[in-house]
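Novice: Okay, handing you the structure first.
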Amino acid sequence: MHIIDRRLNPKSKSLGNRQRFLRRAKAEIREAVRDALKRRKVSEVDGGENIRIRSKGLREPSFALGSTTGERDFVLPGNREYQVGDVIRKPEGGAGGGGQKGSPDGEGEDDFVFSLTREEFLDLFFDDLKLPNLVKAKLKDLRSPEPVRAGLTTDGPPAKLNRIRTMRNSLARRIALRRPRLSEIEELEAQIAEEEFRDTQDHELIAKLRARLARLVHLRKVVAYIDPIDLKYNRHERRPKPKTQAVMFCLMDVSASMTESLKDLAKRFFMLLHLFLSRHYAEVDIVFIRHTTTAQEVDEDTFFRDTESGGTVISTALEEMLRVVSERYPPEDWNIYAAQASDGHNFDDDMERCVTMLEQDILPICQYFAYIEVMPEAQIAPMQSVAWAGYSEVAQSYPHFAMRRVSSPSEIYPVFRELFSGTAAGSEERAAR
Amino acid sequence: MTAVLTRRPLFEGAEWNFELLKKAYDAIEEIGVAEMGLDLYPNQIEVITAEQMLDAYASIGMPNMYRHWSFGKHFAREEVLYRKGARALAYELVINSNPCINYVMEENTMTMQMLVMAHAAMGHNHFFKNNYLFQQWTDASAILDYLRFAKEYVAECEEKYGLDAVEAVLDSAHALMPQGISRHPVRRQSRTDKQEREIIRREYHEATYNELWRTIPRLQRQEKPITPEAREAEEESQSLGLPQENLLYFLEKHAPKLEDWKRELLRIVRMLGQYFYPQRQTKVMNEGCATFVHYEIMSRLYDKGLITEGAMLEFMHSHSSVIYQPRFEDKHFSGFNPYALGFAMMRDIKRISEEPSPEDRDWFPDIAGNGDALGNLKEAWANFRDDSFILQYLSPKLMRDFRLFQIHDNTGSSFVEVKAIHDDAGYRQIRRVLAEQYDAAARDPDIQVVNADLSGGRRLTLQHRVRRGVLLDKDQCDRTLQHVAHLWGYRVKMLEVDAESGKVLKEHEALPLP
């Protein structure tokens, strides 16, 4: 009898099965994932999820006897009052026999509930999205260079032993130094045994063979199978690699005119953006700026969780952005992106200033600028808001400026996809409408 | 081991460690092998985590299973149920292999580990090694190697032909797995056999020749002349081995368009289906045997003072919940609990052997009061399967204890009728029906390949012999038929034919998708 501790075996042996399963139900799962986003609170967007899917592709049919035809007999336990000949009305909606026929494992074939991990959830979520126009590739951060293969050395940790080269060296040396094989020695031993067994022993021959055997054995001992001289190790060098660096500015209006539900919409959008960026671009810096009549740079937590109120002057946010750019992100080294969310309210005289700032200072240094206007759901035929009217001109002349309207949580994801689905090409014509 | 030394309990408290496991196993084995005379494969006990248990669950209980999405699906569902606490995991899992592999969970208390070892490493192990079905159908020493081969082969195919192609074949094969079993191993007649039989027959004729018979006028039978086409068709179906109940086998050998690697995949699935066939037919006996053995061993351990009273109480608690049989009206009822029925029958055989009532002497003259309970049980474990076991050993006392009754259900009517209850008039009837409930051949639909038109349109015809008017589930049948069509490559037709009248009750058809 053996007792074996398998607990330390590699975990998730079923990972391959799970991947195949997710792949199989991908379309349905993606649908469910998007649905989930609509229902979630802002604070819950980032996380795993219990997913309920309805998938034809997940059925596992087999030939089975139906329950709606024919006649059958069966035995049940626990009789209390029945006598032979009693008739019992069948329970409503089910085949007879007091629950005998309920599918035993409780598997309703159509609905299937299971949970996704955070990773899987986000993977499906941001399936093929990427930042547009990521052009300026610059050397950044020489502190974390990447290891590169750099030939072989004669020294190193065992994990890096290059077995092929080592064995090649060993083989060459063994041939050169004529290390006898085990089979040669065994052959010789057999020969000696044979000679000794003979009736007429040829002593001279035996002595010769023995001497030869001794020499071979000695040679085998002296010439090692693997000598330290054979050892070759892979060598790696750390070299800095050029990396693209990007910064994303998130600008949000938190004035009084933004009701809680509008703020919630805007936050959802930025939450998505944040998730997307932090997932796909480890090197992307994110700057959060919120504004009323004044603007300030805040940290992530304040941006999403704190509330504030006041009037609206959009240009303050743009100014703040420019200030941060000039302080920390020289445009010649950085890909700069910006996303702005607002309800469209602004002081009339400020709009002109905004447009000028955009056209002269911001758009020339930006890779992409997205404007999201959030509005109450009731507003079916949207009024031209101040900001929308002002920005429309800009959108017509700058292809890398995109603007969209969002009125319900369910629209956020499609709009988000549109903005970041590889190319921003489609965005101009939409905005122009 | 000396009795004096082991008067002290082996352990106290819930914690276990490997040293203790070993000691406990030795004590259990001493009772199991030396006292009860169980005949075992060597045991291998593997400690695993809950996640690994879920893993094993999902791949139909086999380690090293090949990869397929359906296992991922089962895993995902089991995981949700387990996390919610809706379903507890099994304490153990045992594999019919040589050496016999027992998985035990690390979460188990020491008492549970002992229970599990007594249950799986002794009970199931003995059953696997000795039951005739397992001996006939499975090769315990080869299964692990075969699984390894299967896994590697499937992975290789995935690499060569792509995930989708492999998946499609496995999907179809899995759908036909229950029809991938040869229930009657064919003994091929060699040419010499036939010739020999011919000679014997002729010799017999010569030896018994009587001139007298020649004078009796022959009945002029109007035989239809056999057309060459009919003869050809006959020959063809004979060369295809039709009718054939093993769909997977037939498709593997004769599907016209299948590539070789696909045939090998079908073969793998077929072999696994075959391997599991005995387990499906011996649920009650297998669990009954294991439960009886663990109960016996734990009791003896307690009698010897090797386990504490606390441990015994813990054991009794989990034992009694395992063998709980809810009444048919109970909301927890989902058919017979194989542990409950099996355990009760084993205990009953012991009772009959040792203290029979006059009734038992009437019903079981062979074993009643012969005093050799273990001998009788081992005999039963070796030579029966669920249906025959129930037919042979279910006693009137047990039927009364379980308060069994028989229901007749005609789907046309909105009432069911009570046909028999546990009284003198009903015992045999109930026993027969219950046995039938466990008869795999009666439970599974009887489906055969009856025709494959290889010279013409290549249409494959399957036949379902309908018993008592029970047709196939239409939805499932259509989908499964689609899988058959996928493998066969041409049109497939399913006829549902009444077994008695030969009338065609229903037809289904499927075309392969382009």
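The values are calculated or read from the model by the stated rules, or taken from the named source; none is laboratory data. Because the structure is a prediction, the values reported are computed rather than measured. Reconstructed Cβ throughout: ideal geometry from the backbone, glycine too, with neighbour counts over all protein chains shown.
Novice: Which of the residues belonging to the range B:42-92 are charged (D, E, K, R), more than 7 Å from chain A (Cβ to nearest Cβ) and within 27 Å of B:N125 (Cβ to Cβ)?
Specialist: Residues satisfying the conditions are B:E78, B:R87, B:E92.
Novice: With A:K232, A:K221, A:K263, A:K208 as the choices, which residue is within 38 Å of the chain's Cα centre (by Cα), closer than 30 Å to A:R181 by Cβ and among the basic types (K, R)?
Specialist: Answer to the check: A:K232.
Novice: Return the pairs, sorted by first residue and then second, in which the second residue is charged (D, E, K, R), the first residue lies in the range B:466-482 and is more than 7 Å from chain A (Cβ to nearest Cβ), the beta carbons are less than 6 Å apart, and the residues are 6+ apart or on different chains.
Specialist: That search, which allows pairs on different chains as well, returns B:V466/B:E496; B:V466/B:D498.
Novice: Moving to a separate point now. So, in the range B:483-514, of the ones that are more than 12 Å from chain A (Cβ to nearest Cβ) and in a strand (DSSP E or B), which residue ends up surrounded by the most Cβ atoms within 10 Å (Cβ to Cβ)?
Specialist: Checking each candidate, the answer is B:V492.
Novice: Can you tell me which condition B:A121 does not meet? The list is (1) away from every other protein chain (no Cβ under 13 Å); (2) buried (at least 24 other Cβ atoms within 10 Å of the Cβ), and all the others hold.
Specialist: Checking B:A121 against (1) away from every other protein chain (no Cβ under 13 Å); (2) buried (at least 24 other Cβ atoms within 10 Å of the Cβ), the one that fails is (1).
Novice: Could you figure out which of (1) closer than 28 Å to B:A27 by Cα; (2) of a type in the set (S, T, Y); (3) free of Cβ contacts under 8 Å to residues at least 40 places away in the same chain isn't true of B:S97?
Specialist: (3)
Novice: Let me ask you something else. Would you be able to tell me the number of residues in the range B:21-32 that are within 16 Å of B:G123 (Cβ to Cβ) and either within 11 Å of another protein chain (Cβ to nearest Cβ) or of a type in the set (S, T, N, Q) (or both)?
Specialist: Residues in the range B:21-32 being within 16 Å of B:G123 (Cβ to Cβ) and either within 11 Å of another protein chain (Cβ to nearest Cβ) or of a type in the set (S, T, N, Q) (or both): 4 in total.
Novice: Taking B:Q392 and the conditions (1) modelled with pLDDT of 90 or more; (2) within 12 Å of chain A (Cβ to nearest Cβ), which numbered condition does it fall short on, given that it satisfies the others?
Specialist: Evaluating B:Q392 over (1) modelled with pLDDT of 90 or more; (2) within 12 Å of chain A (Cβ to nearest Cβ) leaves (2) as the failure.
Novice: Filter the range A:38-87 for residues that are part of a strand (DSSP E or B) and more than 10 Å from chain B (Cβ to nearest Cβ); which is modelled with the lowest pLDDT?
Specialist: Step by step, filter the range A:38-87, then rank; the result is A:E49.
Novice: Can you pull out the residues in the range B:465-514 that are in contact with a Lys or Arg (Cβ under 7 Å, 6 or more places away or on another chain) and at positive phi?
Specialist: Listed by number, the residues that qualify are B:R468, B:G489.
Novice: Report yes if A:S392 is assigned to a helix (DSSP H, G or I) and surrounded by fewer than 17 Cβ atoms within 10 Å (Cβ to Cβ), otherwise no.
Specialist: yes
Novice: Name the residue that is surrounded by the fewest Cβ atoms within 10 Å (Cβ to Cβ), counting only residues in the range B:409-465 that are within 7 Å of another protein chain (Cβ to nearest Cβ) and β-branched (V, I, T).
Specialist: B:T411
Novice: Still on this structure: Report whether or not A:Y368 is surrounded by 23 or more Cβ atoms within 10 Å (Cβ to Cβ), of a type outside the set (K, R) and at pLDDT 80 or above.
Specialist: Spelling it out, A:Y368 is indeed surrounded by 23 or more Cβ atoms within 10 Å (Cβ to Cβ), of a type outside the set (K, R) and at pLDDT 80 or above.
Novice: Out of the residues in the range A:326-358 that are within 28 Å of A:E260 (Cβ to Cβ) and acidic (D, E), which is nearest to the chain's Cα centre (by Cα)?
Specialist: Quick first cut of the range A:326-358, residues within 28 Å of A:E260 (Cβ to Cβ) only: A:337-348, A:350-351, A:354.
Next cut, acidic (D, E) only: A:343, A:348, A:350.
Values: A:D343: 33, A:D348: 44, A:D350: 42 Å.
Residue satisfying both the conditions and the ranking: A:D343.
Novice: Just for the range B:316-330: of the residues that are out of contact with any His (no Cβ under 9 Å at 6 or more places or on another chain) and within 11 Å of chain A (Cβ to nearest Cβ), which one is surrounded by the fewest Cβ atoms within 10 Å (Cβ to Cβ)?
Specialist: Result: B:E329.
Novice: While we're here: Among the residues of the range B:105-113, are any within 9 Å of chain A (Cβ to nearest Cβ) and touching a strand residue (DSSP E or B) at 6+ places or on another chain (Cβ under 8 Å)?
Specialist: yes
Novice: Within the bounds of the range B:272-282, is there any residue that is within 21 Å of B:A380 (Cα to Cα) and within 14 Å of chain A (Cβ to nearest Cβ)?
Specialist: Yes, there is a match, as at least one residue in the range B:272-282 is within 21 Å of B:A380 (Cα to Cα) and within 14 Å of chain A (Cβ to nearest Cβ).
Novice: Right, here's the next one. Quick check on my filter: what residues within the range B:247-258 are out of contact with any strand residue (DSSP E or B) (no Cβ under 7 Å at 6 or more places or on another chain) and either of a type in the set (K, R) or modelled with pLDDT under 90 (or both)?
Specialist: If the condition is that a residue be out of contact with any strand residue (DSSP E or B) (no Cβ under 7 Å at 6 or more places or on another chain) and either of a type in the set (K, R) or modelled with pLDDT under 90 (or both), then B:K253, B:A255, B:P256, B:K257, B:L258 are the ones that fit.
A quick yes/no check of all residues on (1) more than 29 Å from B:G72 (Cβ to Cβ); (2) of a type in the set (D, E):
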| site | (1), (2) |
| --- | --- |
| B:V116 | no, no |
| B:F128 | no, no |
| B:N131 | yes, no |
| B:A168 | no, no |
| B:D171 | no, yes |
| B:H174 | no, no |
| B:I181 | no, no |
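Novice: Could you tell me which numbered condition B:Q406 fails, if it satisfies all but one of (1) outside any helix (DSSP H, G or I); (2) touching a helix residue (DSSP H, G or I) at 6+ places or on another chain (Cβ under 6 Å); (3) more than 12 Å from chain A (Cβ to nearest Cβ)?
Specialist: B:Q406 satisfies every listed condition except (3).
Novice: When you go through B:F149, B:F134, B:F127 one by one, which is the residue that is in contact with a Pro (Cβ under 6 Å, 6 or more places away or on another chain) and of a type in the set (F, W, Y)? Before you say what the answer is, go through the steps one by one.
Specialist: Numbers: B:F149 fails: in contact with a Pro (Cβ under 6 Å, 6 or more places away or on another chain); B:F127 fails: in contact with a Pro (Cβ under 6 Å, 6 or more places away or on another chain).
Every option except B:F134 fails the conditions.
Matching residues to (1) under 25 Å from the mean Cα position of the chain (by Cα); (2) more than 25 Å from A:R59 (Cα to Cα):
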residue	(1), (2)
B:D55	yes, no
B:G72	yes, no
B:K84	no, no
B:T109	no, yes
B:H126	yes, yes
B:L133	yes, yes
B:A142	yes, yes
B:Y146	yes, yes
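Novice: Evaluate the following for B:N376: is it under 26 Å from the mean Cα position of the chain (by Cα), surrounded by fewer than 16 Cβ atoms within 10 Å (Cβ to Cβ) and in contact (Cβ under 8 Å) with a residue 12 or more places away in the chain?
Specialist: It is false that B:N376 is under 26 Å from the mean Cα position of the chain (by Cα), surrounded by fewer than 16 Cβ atoms within 10 Å (Cβ to Cβ) and in contact (Cβ under 8 Å) with a residue 12 or more places away in the chain.
Novice: With B:A155, B:A173, B:A150 as the choices, which residue is under 26 Å from the mean Cα position of the chain (by Cα), at pLDDT 90 or above and within 14 Å of another protein chain (Cβ to nearest Cβ)? It would help to see each step written out before you state the result.
Specialist: Values: B:A155 fails: under 26 Å from the mean Cα position of the chain (by Cα); B:A150 fails: within 14 Å of another protein chain (Cβ to nearest Cβ).
From the options B:A155, B:A173, B:A150, the qualifying one is B:A173.
Novice: Here is a follow-up. Pairs needed: first member in the range A:220-242, more than 13 Å from A:R163 (Cα to Cα) and in contact (Cβ under 8 Å) with a residue 24 or more places away in the chain; second member anywhere, among the hydrophobic types (A, V, I, L, M, F, W, C) and assigned to a loop (DSSP other than H, G, I, E, B); C-beta distance under 7 Å; at least 6 residues apart or different chains.
Specialist: A:V223/A:L177; A:P240/A:L139; A:P240/A:L142; A:P242/A:L139
Novice: Same structure again: Checking the condition within 14 Å of chain A (Cβ to nearest Cβ), among the hydrophobic types (A, V, I, L, M, F, W, C) and more than 20 Å from the chain's Cα centre (by Cα), which residue from B:A311, B:A340, B:A344 passes?
Specialist: Answer to the check: B:A344.
Novice: Can you find a residue in the range A:262-284 that is touching a Cys at 6+ places or on another chain (Cβ under 6 Å) and crowded, with 17+ Cβ neighbours inside 10 Å?
Specialist: yes
Novice: Another question about this same structure. For the range B:465-482, how many residues meet the condition of being assigned to a loop (DSSP other than H, G, I, E, B) and not aliphatic (A, V, I, L, M)?
Specialist: Within the range B:465-482, residues that are assigned to a loop (DSSP other than H, G, I, E, B) and not aliphatic (A, V, I, L, M) number 4.
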